[in-house]
Amino acid sequence: MRYVHEMPFGARALADGGARFRLWAPGVSQVELCVLGNAGERREAMLPAAEGWFALDYDSVPVGSRYCFRMPDGLKVPDPASRFQPQDVHGPSELIAPDAYEWRDDAWRGRPWEETVLYELHVGSFAPEGTFGGVQRRLDYLAGLGVTAIELMPVSDFPGARNWGYDGVLPYAPDSHYGRPEDLKALVDAAHARGLMVFLDVVYNHFGPEGNYLHVYARQFFTERHHTPWGAAINFDGEGSRTVRDFFIHNALYWLEEYHVDGLRFDAVHAIIDDSAPDILEELADVVQAGPGKQRHIHLVLENDHNEAHYLRRDGGEAHRYVAQWNDDIHHALHALLTGEHEGYYTDYADAPARHLGRCLAEGFAYQGDASRYRDGAPRGEPSAHLPPTAFVSFLQNHDQIGNRAFGDRIATLASPDALRAVYAILLLAPSPPLLFMGEEWGTRVPFPFFCDFGPDLAAAVTRGRREEFARFPAFSDPAVRQRIPDPNEPATFSSAALDWSNTGSAESESWLGYVRELLGLRQREIVPRLVGMPGGRAVFSVIGERGLQVSWSLNDGSELVLQANLGAAPLSGANMPKGERLFATVSSRSSVLPPWSVYWYRRAAR
């Protein structure tokens, strides 16, 4: 099989050896196409069309040719819908034949969402090769671990040789430092052969600060009516917004159809400002569900600090638009329990972390319209208890929650092994789909600091801004201490984030790996088969003392799943032993006194 996503912009190789080029440039009066070849540069004026479009069908443009668009002032810019940038974001685009790759996954229809166990990774630092091929060579390891999906941090072309991916400026082009388009397709193909889904993180809330040329010829792409932390917002609801909306809707379809990925995670949608109805998130999801979502399992997942539960609505038990949201609340509650930290956003969880955790496990969000001290008393969130637990992705670590720390500290450096074993027994067996961040499964202590590779002027500003960001924390009030925060642009900062696979052979790492495999195996056998159609609104929790917790869920077969835990360093009395079959225990005890950092799982058969 060969897959191509047809779109109204960009370059399309034609069967006769030519190519069709289309560019939306309402801010300029003329555009030239420049094709670069061995004989030098060929230029031809593009033909203006309605509503700011320019188009040209060009003969004799071999696949692999490099091209760019020349503005009236002589500035040459890449194609904003470029499928590949061999010379980075400032260089010419390459004409790609998307149907050249022959897929081998004809029978693949994805996997149901209830089976999902996510493994988030950064392509550049996951494996020594730093490429799509390097990830592909470790797929057998991931499948053997018990995860069912890999989630790639953004791969869209970014400036420089290294980046988290959230500074991308050409959202259709896989970054050349990771490999060519066919290398990413081969990774997805190979993952499907092993029963692994592939999710891709996409960024539709802003463009990176270097290499974005849209403002030169299409200022309507942005609006001063709305502002975000990155400046003027992307124009989703003003004049010219139809083309802007189509650009991102087609981008989602492009990854789902041309690259056959199984799901998208939408970064920080709370920073997408759209007053129209339907808004861009609603329209995009509707188009996906009416298209590739009718043919196979497609899963759309949000990151949304506003906790807007209405995007997660269910119709007859099925997700109407978005299947789940990353649940920052459960991370913050778990982190507060493990570390006692109470600064920054942890101030909202430090007073009663066990209660916040219990509410997350039973009802989804901890903040469902409640006043947030961190936000100066403003309410945050919408009611979520009616939703099933499968609508919330749970995690103890991810790229943000590690990298937002000054030194990128891993949780293994902040909490005791006994405490971590207890928390993982909750995270990996609770009904909500869990997410692991690369290396977490063997307890790696390798940090994951923020890193990038900007040009000199911007690099200095980013380094300064990164250090000033922490000035409000007491531990970094001293400028000399802030100077110790790693410079994001230094190659050594990136190198420090690379996983050290040699550590996986140590006794400690093997113990952690065995533990995670045991829990994920138990999840697939005993929990997953009872999640399909699991109702919302039927879970309850209670707090025992300050650190004890009991939660029960009604599963789809009528049985009851019960968690009992002591998430503190002292024994806990006053717990009543649940009835039913014990599925798992971190400590072998049947006393009403729960040992420190102990977790027990029970299942009671349907009555």
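The values are calculated or read from the model by the stated rules, or taken from the named source; none is laboratory data. Since the model is a prediction, treat every value here as computed from it, not as a measurement. Cβ placement follows ideal geometry from the backbone for every residue including glycine, while neighbour counts extend to all protein chains displayed.
Output yes when any residue across segment 203-224 is outside the structural domain of D73 (by TED's automatic domain parsing), closer than 30 Å to D105 by Cα and touching a helix residue (DSSP H, G or I) at 6+ places or on another chain (Cβ under 8 Å), and no when none is. Scanning segment 203-224, I find at least one residue that is outside the structural domain of D73 (by TED's automatic domain parsing), closer than 30 Å to D105 by Cα and touching a helix residue (DSSP H, G or I) at 6+ places or on another chain (Cβ under 8 Å), so the answer is yes. Among the residues of segment 584-593, some residue qualifies, meaning at least one is modelled with pLDDT of 95 or more, over 31 Å from the mean Cα position of the chain (by Cα) and not in a helix (DSSP H, G or I). Out of the residues in segment 228-256 that are in a helix (DSSP H, G or I) and among the β-branched types (V, I, T), state the one that is farthest from F69 (Cα to Cα). Here the residue is I249.
Report the residue count in segment 368-396 for those that are of a type in the set (S, T, N, Q), touching a Phe, Trp or Tyr at 6+ places or on another chain (Cβ under 6 Å) and surrounded by fewer than 22 Cβ atoms within 10 Å (Cβ to Cβ). Here the count works out to 0.
Note on segment 476-510: among residues that are in contact (Cβ under 8 Å) with a residue 12 or more places away in the chain and among the small types (G, A, S), the one that is farthest from D167 (Cα to Cα) is S509.
Please determine whether any residue of segment 109-125 is in contact with a Gly (Cβ under 6 Å, 6 or more places away or on another chain), closer than 30 Å to A161 by Cβ and outside any loop (DSSP other than H, G, I, E, B). Can you show your working first?
First, pick out the residues of segment 109-125 that are in contact with a Gly (Cβ under 6 Å, 6 or more places away or on another chain): 124.
When the remaining residues are screened for being closer than 30 Å to A161 by Cβ, the result is 124.
Subset that is outside any loop (DSSP other than H, G, I, E, B): 124.
Yes, that holds for at least one residue.
Checking segment 559-575 against the condition returns a match, with at least one residue being closer than 21 Å to E363 by Cβ, among the small types (G, A, S) and in a loop (DSSP other than H, G, I, E, B). Where helices (runs of 4 or more DSSP H) fall wholly inside segment 396-485, the ranges with 3 or more residues that are closer than 30 Å to L513 by Cβ and either at pLDDT 95 or above or not assigned by TED's automatic domain parsing to the domain that holds V323 (or both) are 399-403, 417-427.
For M71, indicate whether it is within 27 Å of A100 (Cβ to Cβ), surrounded by 12 or more Cβ atoms within 10 Å (Cβ to Cβ) and of a type outside the set (S, T, Y).
no
Here G293 clears all of (1) at pLDDT below 95; (2) assigned to a loop (DSSP other than H, G, I, E, B) except the condition numbered (2).
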